[in-house]
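Structure first, commentary second.
Just so you know, all these numbers are worked out from the coordinates, no wet-lab data involved. Note that the structure is a prediction, hence the values are computed from the model and not measured. Cβ placement follows ideal geometry from the backbone for every residue including glycine, while neighbour counts extend to all protein chains displayed.
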Amino acid sequence: MLAGEKTRFENFLVKLFAVVPLLAVAAAVPLAWGWGLSWTDIGLAAGFYFLTCLGVTVGFHRYFTHGAFKANRALRIALAAIGSMAMQGPVIGWVADHRRHHAYADREGDPHSPWLFGTSAAALAKGFWHAHMGWMFGRDKTNPRRFAPDLLADDDITRVDKLFPLLTVATLLTPALLGGLITMSWWGALTGFFWAGLVRVALLHHVTWSVNSICHMIGERPYAARDKSANFWPLAILSCGESWHNSHHADPTGARHGVGRGQIDISARVIWIFEKLGWATQVRWPRPERFAKLANKPA
Ligand SMILES: [Zn+2]
Ligand SMILES: [Zn+2]
């Protein structure tokens, strides 16, 4: 199941990239007070937030991990590259971890279950921390040969996987470049880097990690799943539809996670647009009769 250990240096980088954007958010509050935040920064931050969020949700998650649709080659490569710009690790490792999560959801072997330490308040606090970000600080490495052989066999994808350091630099410096060019100032470059680079990465990190922590602890469970996954509506928009997590565990290969009435799922809408454009085919839209069978009977 595992493929050796991360090197000390790799482990250091994971900690660095998980913690530095978080410190930026803490510093953001006083900085925003009256100055240092403009509409340009907000626009850039929102643009990069949803672009990279969709790279992860549509690309890394629904497409690469679960095969919810078939993509043409250009879209396949673009999704791998844009997802990498969320700074959540290279695509192959991300997919391997997430497939392992589904294979062992909330049991021994799940890389990030909040339920591995018991159900007392102290055990759940420890579980929350572990599921949210603590799991990344361990040195276990999911074996990609077992969990992502399809991606290892694709030369384009292994190339994007190796370009991860460069894409990390790009995701931080592009907002700075755009901020500088739009405002024609070094100050605009700096605030662009700060808000649309660091703060945006940190916010998306915590929203993604909340799907692993909160969405396995709190929320509604309308469908039968073998684990503790739950639908947590407050994160529907920020998570681009991924917080309908109980529905996702009930039907993992589905292209839409927000299967109920009025459940906003931006990722599903984007897949729908790709399908209309002819870039995505064989989209696995949820089948109502399947969900009718999975529905939990009211107690
Ligand atoms: Zn899950
Ligand atoms: Zn999944």
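Spacing of the modelled spin labels on A153 and A74, each 7 Å from Cα toward Cβ, amounts to 2.6 nm. Split the chain at each of the chymotrypsin sites (Phe, Trp or Tyr not before Pro) in a DSSP loop with at most 12 other beta carbon atoms within 10 Å, and the longest piece is 36-299. Using the Cβ-Cβ distance between F117 and L173 with R0 set to 41 Å, the FRET efficiency from 1/(1 + (r/R0)^6) comes to roughly 0.55.
With each label modelled as a point 7 angstrom along the Cα→C-beta vector, the A224-A46 pair spans 4.3 nm. Protection proxy ranking for 78-89, 255-266, using the average of other Cβ atoms within 10 Å per residue and placing the highest first: 78-89, 255-266. Mean-square fluctuation check for the chain, GNM, Cα pairs under 10 Å: which of A71, A103, A196 is largest? With Cα springs under 10 Å in the chain, the top fluctuation among A71, A103, A196 is at A103. Straightening the chain between T253 and M1 buys 88.5 nm, computed as 0.36 nm per residue apart minus the Cα-Cα spacing. Close amide H pairs (under 5 Å, H built 1.01 Å from N) link A280 with E275, residues at least 5 positions away or on another chain. Whole-Hz Karplus values for the stretch 126-137 come out as 5, x, 4, 4, 4, 5, 6, 8, x, 4, 6, 7 Hz, taken residue by residue from phi with 6.51 cos²θ - 1.76 cosθ + 1.60 and θ = phi - 60°; glycine and proline positions read x. Less than 16 Å from a label point 7 Å out along the Cα-to-Cβ axis of W39: which backbone N atoms in the stretch 183-223 qualify, by residue? Of the residues in the stretch 183-223, 183-184 have backbone N under 16 Å from the label point off W39. Amide hydrogen proximity for A68: with H placed 1.01 Å from N in the peptide plane, the residues at 5 or more positions away or on another chain lying under 5 Å are Y63. Over the chain, the fraction of Cα-Cα pairs per 5 Å bin, rounded to whole percents and listed from the shortest bin up, is 1, 5, 11, 15, 18, 17, 14, 9, 5, 2, 1, 0, 0. Shape class for the stretch 1-105: oblate, because the ratio a/c of the largest to smallest gyration tensor axis (alpha-carbon atoms, square roots of eigenvalues) is 1.5 or more and b/c is at least a/b. Working note: 222 nm ellipticity from helices only, DSSP H runs with n ≥ 4, each -39,500 (n - 2.57), summed and divided by the residues of the chain, gives -16000 deg cm²/dmol to the nearest 500. Computing FRET efficiency as 1/(1 + (r/R0)^6) for L181 and R107, where r is the C-beta to C-beta distance and R0 is 45 Å, gives about 0.35.
Estimated from the Cβ-Cβ distance and a Förster radius of 45 angstrom, the FRET efficiency linking V25 and E289 is about 0.50.
When both the stretch 51-106 and the stretch 195-255 are represented by their alpha-carbon centers, they are found 15 Å apart.
Using equal-weight Cα scatterers in the Debye expression, the normalised intensity of the stretch 176-299 in log10 at q = 0.10, 0.11, 0.12, 0.14 Å⁻¹ is -0.43, -0.50, -0.57, -0.71. Here's how it looks for L2: its modeled amide H is under 5 Å from those of N143, which are all 5 or more places away or on a different chain.
Scalar couplings 3J(HN,Hα) for the stretch 90-99, obtained by applying the Karplus form with A = 6.51, B = -1.76, C = 1.60 to θ = phi - 60°, are x, 4, 5, x, 4, 5, 4, 4, 6, 5 Hz; x denotes Gly and Pro.
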